[in-house]
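The values are calculated or read from the model by the stated rules, or taken from the named source; none is laboratory data. Keep in mind it's a predicted model, so treat the numbers as computed, not measured. Reconstructed Cβ throughout: ideal geometry from the backbone, glycine too, with neighbour counts over all protein chains shown. Keep in mind that these areas ignore ligands, DNA and RNA; they rest on the heavy atoms of the full protein, side chains included. Shrake-Rupley method; radii C 1.70, N 1.55, O 1.52, S 1.80 Å.
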Amino acid sequence: VQLVESGGGLVQAGGSLRLSCAASGSTFSINTMGWYRQAPGKQRELVAQITSGGGSTNYADSVKGRFTISIDNAKNTMYLQMNSLKPEDTAVYYCNARGGLGKYWGQGTQVTVSS
């Protein structure tokens, strides 16, 4: 499974961004996908995750009500809609997929929120 993120960038506080993660390869094996982030000097943390059918989601407390994770199985693409962004959301965001064949990571996309 290969994962390619896009959609990061620089935005002012209060703004919005939408991240995309396109999956290819043995996508049939995936049962859960998620977004993680890692800020400088901090450990990578889970932001949100979703089951491959889209029926179950969960979010970190810090993003609840502001971020929405979704999946388009026809396009093999997962999204993270990020609204009301805060400077503390600044990080490299990584796409993750896991299933019967293993766990996979994308290369990451930088999100920078200016105050």
When all protein chains stay in place, what accessible area (Å², nearest 10, 1.4 Å probe) is found for residue 89? 0 Å²
Phi to ³J(HN,Hα) by Karplus 6.51 cos²θ - 1.76 cosθ + 1.60 over region 99-108, Hz, x for Gly, Pro: x, x, 9, x, 10, 10, 10, x, 7, x
Solvent-accessible area per residue, Å², over region 1-83 with all protein chains present [probe radius 1.4 Å]: 52 Å²
Once you keep just the Cα pairs under 8 angstrom separated by 6 or more residues, what percentage relative contact order results for the chain? 37 percent
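Run the accessible area of the chain with a 1.4 Å probe and give the carbon-and-sulfur part as a rounded percent. Write down the numbers at each step before the final one.
Details: 2730 of 5800 Å².
Ligands and nucleic acids excluded, carbon and sulfur reach 47 percent.
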Once 29, 62 are ranked on solvent-accessible area with the largest value leading and a 1.4 Å probe, the list reads 62, 29
With a point put 7 Å past each Cα toward its Cβ, work out how far residue 43 is from residue 103 in nm, to one decimal. 1.2 nm
Can you tell me which aspartates and glutamates have their Cα less than 18 Å from the Cα of residue 75? Leave out same-chain residues fewer than eight positions away. 5
Per the rule of 0.36 nm per residue minus the C-alpha distance, extending residue 26 to residue 2 adds in nm 7.8 nm
Take residue 10, project a point 7 Å from its Cα along the Cβ direction, then tell me which residues of region 88-104 have their backbone nitrogen under 17 Å from it. 88-92
What are the equivalent ellipsoid semi-axes of the chain, built from the alpha-carbon gyration tensor (square roots of five times its eigenvalues), in whole angstrom, biggest first? 23, 14, 12
